Amino acid sequence: MIDPAKIRKDFPILSRRVRGKPLVYLDNAATTQKPRAVIESLVSFYERHNANVHRGVHELSEEATNLVETTRAKVAALIGAKHSHCVIFTRNTTESINLVAHAWGRKFLKEGDEILLTELEHHSNLVPWQMIAQEKGVKLRFIPVAHDGTLDVDSARRLLSPRTKLIAFSALSNALGSVSPIEKILAMARSIGATTLIDAAQWAPHRPIDVRAWGCDFLAFSAHKMLGPTGIGVLYGKEEILDAMNPFLGGGDMIRQVFLDHSTYNVLPYKFEAGTPNIADAAAFDAAIDYLQGVGFDEIERHERALLGRALSVLGSMSEVEIYGPKDLDRQACLVSFNIAGLHPHDASTAIDLEGIAVRAGHHCCQPLMAKLKIPGTVRASFYLYNTLEEVDRLAVAVSKAARFFKKEEAIA
Amino acid sequence: MAEGDSELQDLYRDVLLDYFKSATHKGEIAEADIHSHGVNPVCGDEIKISASLTKDGGQESRRLARLRYTGHGCVISQASSAMMAEALEGLSVAEARELAGAFKSMMLRETTPEALPERLGEARAFEGVRKYPMRVKCATLAWNTLIEGLRAPPASAASTEFKEK
Ligand SMILES: Cc1ncc(COP(=O)(O)O)c(C=O)c1O
């Protein structure tokens, strides 16, 4: 069992006070806090190992290279990838998806092809496809979202056709917390031979991944949402597909031989890692993975279920609160999205912030989903391994205080 | 008053809540001389300002005969829109632009609330918002959208766009 009191001691920022009150950090879906081990790893890199990678034959360069490659191997093991060289380091999920859109999409998509997305995608798994669709004359189609925030995969079958070349979807919705029927969508893709991309930005921090069991072609996530530093993201791709793709950015490190009029390209993963990479953050990401594996994903899941269960029950019992999403612990994970009746999410979150509680308010980079639900946005509380049941209760108190304040003022018709 | 409510009260002063509830200047003028659309991409809030101008004089001295707003948004952006419409209706284009500038300067802490012209006396109630930089944009959205609209030649009835960063 997770003992949050013990875990919290590893996160220096959690002892901070905000607006005169102990910080309650419930914006983990945006980014998570960092354990001391990650912070120390960053400092240690710059104090002891700093050098460029793959370039020098000197000792420091070798150490720096080893640190990056150790993390790469650890990421490969974490997600069940057969080869480390199928793990490409990017800046974040967004860049990983853009890499696929450019390096795979530009080469393999043709006019008249179709891409199947879902209505609940984060803008980063929507806009890159819109851009490539416009350029190539490709059509975008969308798996519909039911009112409870779940994907209506059965009705999506009629959207499939031999022209469907790619199915790209989020494993876990950052706006509603709904869990996607991952295997069902992948099976659907297999039945028509479509390439698949999983946006695991929200999934990877909380649940185990096995890309070989899933059989997905691409998978993308960000270190900063899983205790790691900002500025480092992952793209996993199947070897034969990565090999067949165009390079993404051109420059140093991604080449094998350069002539004045042309170049040949480096092997995986370096073909996709042009220029000096984010060495320090890649090195420190290693400590984040160690930390998560030390606690264990089973334990993390059990703890988060307890937190979400409490949140759904305390917020659900308040008549002035409307919760969006499945509201069912088997189909929803890690976060709860809600509104206070008649109150704009920004006013609600400001009132909650005044209690020292960090939540996110707004459209959560999912404007089309908000339009579908006919709401301007929501207040979102997202949990992680260091949150406590008491913090969930403090959130509930803050919510009811906000509701009372604005009701008393009769500001809201 | 419950503990902690004092900060809430300071931010959401009664004047603000009254303006938020007020519907006096809500709406859209069909045959408007100025149409301007403002969006705050941080929250997705949207506002549409429309105004009809009097016919007399040069462009800068024409008056905002009617000033209306529609849109959805938080208490702060809606209250600010309502207050702006009430305060600026009847003023000339030049005067409206000047007062909008004064309001923005106050919100950005370049001037004090006390320094606001008397016509914007009620706007002093937005003082509490200045402590929350993320919310200042909510308060200035309507004003920026109007300033954008006042730039376009009124005769063209062109629609303008204000894009918050
Ligand atoms: C589902 C999902 N996809 C993509 C992203 C983008 O991640 P990043 O901003 O790290 O690129 C996020 C987070 O913001 C997300 O929640």
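The values are calculated or read from the model by the stated rules, or taken from the named source; none is laboratory data. Everything numeric in this text was worked out from a predicted model, so none of it was measured. Backbone-built Cβ (ideal geometry, glycine too); neighbour counts: all protein chains shown. Surface areas here come from the heavy atoms of the whole protein model, side chains and all, with no ligands, DNA or RNA. Shrake-Rupley method; radii C 1.70, N 1.55, O 1.52, S 1.80 Å.
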Conditions (1) among the polar types (S, T, N, Q); (2) more than 22 Å from the chain's Cα centre (by Cα); (3) under 20 Å from residue A:67 (Cβ atoms) -> residue A:293 fails only (2)
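Take residues that are within 14 Å of chain B (Cβ to nearest Cβ) and tell me which of the strands (runs of 3 or more DSSP E) falling wholly in the stretch A:265-370 contain 1 or more. Even if it seems obvious, please write down each step before you answer.
Numbers: elements: A:321-324, A:335-340, A:360-362.
By residue number, A:335-340, A:360-362.
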Of the residues in the stretch B:1-44, those that are open to solvent by less than 50 Å² (accessible area, probe 1.4 Å), closer than 29 Å to residue A:366 by Cβ and more than 10 Å from every other protein chain (Cβ to nearest Cβ) come to B:35, B:36, B:37, B:38, B:39
Only unsatisfied item for residue A:373, checking (1) within 25 Å of residue A:304 (Cα to Cα); (2) more than 10 Å from chain B (Cβ to nearest Cβ); (3) of a type outside the set (Asp, Glu), is (1)
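Listed here are the residues, each with its yes/no results for (1) surrounded by fewer than 22 Cβ atoms within 10 Å (Cβ to Cβ); (2) of a type in the set (Ser, Thr, Tyr); (3) under 16 Å from the mean Cα position of the chain (by Cα).
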{"site": "A:198", "(1), (2), (3)": "no, no, yes"}
{"site": "A:222", "(1), (2), (3)": "no, yes, yes"}
{"site": "A:230", "(1), (2), (3)": "yes, yes, yes"}
{"site": "A:241", "(1), (2), (3)": "yes, no, no"}
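Per-residue answers, yes or no, for (1) closer than 25 Å to residue A:369 by Cβ; (2) open to solvent by 10 Å² or more (accessible area, probe 1.4 Å); (3) of a type in the set (Val, Ile, Thr):
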position: A:83; (1), (2), (3): no, yes, no
position: A:86; (1), (2), (3): no, no, no
position: A:95; (1), (2), (3): yes, yes, no
position: A:105; (1), (2), (3): yes, no, no
position: A:108; (1), (2), (3): no, yes, no
position: A:122; (1), (2), (3): yes, yes, no
position: A:125; (1), (2), (3): yes, no, no
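Which is among the aliphatic types (A, V, I, L, M) and within 16 Å of the ligand (Cβ to nearest atom), of A:201, A:189?
Details: A:189 fails: within 16 Å of the ligand (Cβ to nearest atom).
Checking each option against the conditions leaves just A:201.
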Report task. State whether one or more residues within the stretch A:340-360 are open to solvent by less than 10 Å² (accessible area, probe 1.4 Å), out of contact with any Pro (no Cβ under 6 Å at 6 or more places or on another chain) and within 16 Å of the ligand (Cβ to nearest atom). Result -> no
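If I filter the stretch A:223-232 for residues that are more than 16 Å from the ligand (Cβ to nearest atom), away from every other protein chain (no Cβ under 14 Å) and part of a helix (DSSP H, G or I), do I get at least one hit? Break it down stepwise before answering.
Initial filter on the stretch A:223-232 (more than 16 Å from the ligand (Cβ to nearest atom)): none.
Checking the stretch A:223-232: not a single residue is more than 16 Å from the ligand (Cβ to nearest atom), away from every other protein chain (no Cβ under 14 Å) and part of a helix (DSSP H, G or I).
Filter the helices (runs of 4 or more DSSP H) completely within the stretch A:62-179 down to those with at least 1 residues that are within 16 Å of the ligand (Cβ to nearest atom) and among the charged types (D, E, K, R).
Because the criterion is at least 1 residues that are within 16 Å of the ligand (Cβ to nearest atom) and among the charged types (D, E, K, R), the helices (runs of 4 or more DSSP H) in the stretch A:62-179 that meet it are A:93-99.
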Among residues of the stretch A:1-54 being part of a loop (DSSP other than H, G, I, E, B) and among the aliphatic types (A, V, I, L, M), the residue farthest from the other protein chains (Cβ to nearest Cβ) is A:51
Note: among A:193, A:231, just one is at positive phi and in contact with a helix residue (DSSP H, G or I) (Cβ under 9 Å, 6 or more places away or on another chain), namely A:231
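With respect to residue B:99, is the statement that it is under 11 Å from the mean Cα position of the chain (by Cα), open to solvent by less than 10 Å² (accessible area, probe 1.4 Å) and not acidic (Asp, Glu) true? It would help to see each step written out before you state the result.
Working: under 11 Å from the mean Cα position of the chain (by Cα): yes; open to solvent by less than 10 Å² (accessible area, probe 1.4 Å): no; not acidic (Asp, Glu): yes.
Answer is no for this residue.
Under the condition of being touching a Pro at 6+ places or on another chain (Cβ under 8 Å) and open to solvent by 10 Å² or more (accessible area, probe 1.4 Å), which residue from the stretch A:376-395 is farthest from the other protein chains (Cβ to nearest Cβ)?
Just the residues of the stretch A:376-395 that are touching a Pro at 6+ places or on another chain (Cβ under 8 Å), to begin with: A:376-379, A:384-388.
Right, trim to open to solvent by 10 Å² or more (accessible area, probe 1.4 Å) and you get A:376, A:388.
On the way: A:376: 5, A:388: 20 Å.
Among them, the one singled out is A:388.
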Checked A:309, A:325, A:316 against criteria (in contact with a Leu (Cβ under 8 Å, 6 or more places away or on another chain), farther than 29 Å from residue A:240 by Cα, outside the structural domain of residue A:67 (by TED's automatic domain parsing) and open to solvent by 20 Å² or more (accessible area, probe 1.4 Å)); the one match is A:309
Quiz prompt | Boolean, residue A:402 is crowded, with 19+ Cβ neighbours inside 10 Å, over 27 Å from the mean Cα position of the chain (by Cα) and within 11 Å of another protein chain (Cβ to nearest Cβ) | solution = yes
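Just for the stretch B:51-87: of the residues that are surrounded by 24 or more Cβ atoms within 10 Å (Cβ to Cβ) and away from every other protein chain (no Cβ under 14 Å), which one is farthest from the chain's Cα centre (by Cα)?
Step one: filter the stretch B:51-87 for residues surrounded by 24 or more Cβ atoms within 10 Å (Cβ to Cβ), giving B:51, B:67, B:69, B:73-81, B:83-85.
Still in the running and away from every other protein chain (no Cβ under 14 Å): B:51, B:67, B:69, B:83-85.
On the way: B:51: 13, B:67: 10, B:69: 9, B:83: 7, B:84: 4, B:85: 7 Å.
The selected residue is B:51.
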Restricting attention to the stretch B:111-137, the residues that are part of a helix (DSSP H, G or I) and either among the small types (Gly, Ala, Ser) or open to solvent by less than 30 Å² (accessible area, probe 1.4 Å) (or both) number exactly 11
Cβ pairs under 8 Å, 6+ apart or interchain, first in the stretch A:111-128 and farther than 20 Å from residue A:158 by Cβ and within 14 Å of chain B (Cβ to nearest Cβ), second open to solvent by less than 10 Å² (accessible area, probe 1.4 Å) and near the ligand (Cβ under 10 Å from one of its atoms), ordered by first then second residue, are A:123/A:366
